[in-house]
Amino acid sequence: MISKIPCTEIPFSFDLVMFDNTTIIVFVFAERGIFALIVNDTDAALDWANEAYSQIRENTIPITASSVTG
C-alpha cells in the first residue's frame, strides 16, 4: 500500500559557498529565513556548484566603481 505524502511548492532562494574546492554549503532561504543548510563534499556536489557558478557568472554584467557610485 502506497501512502500519499503531502507536497507543496515553497518559494526560495539560495546562497552557495565553496571552500577550497573541497566542500560546498548551500543556504536555502524561504519566507521566514533560513529553511535549510546543506553541506556536501562529494564530487557530484562540487561539479554542480562549479556549473551553477559558471552559469551565474555568464549572466552577469561587469560593473566598475564609477558605475556604482554614479
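Here are a few things to note about the model shown:
- Taking the chain and dividing mean pair separation by its residue count, relative contact order in percent (alpha carbons under 8 Å, at least six apart): 20
- Förster radius 30 Å - calculated FRET efficiency between Ile34 and Ile2 (Cβ-Cβ, nearest 0.05): 0.40
- Protection proxy ranking for 53-62, 23-32, using the average of other Cβ atoms within 10 Å per residue and placing the highest first: 23-32, 53-62.
None of the figures in this text is laboratory data; all of them are computed from the coordinates on show. Source: prediction; values computed, not measured. Cβ sites come from the backbone with ideal geometry, for glycine too, and all protein chains shown count toward neighbours.
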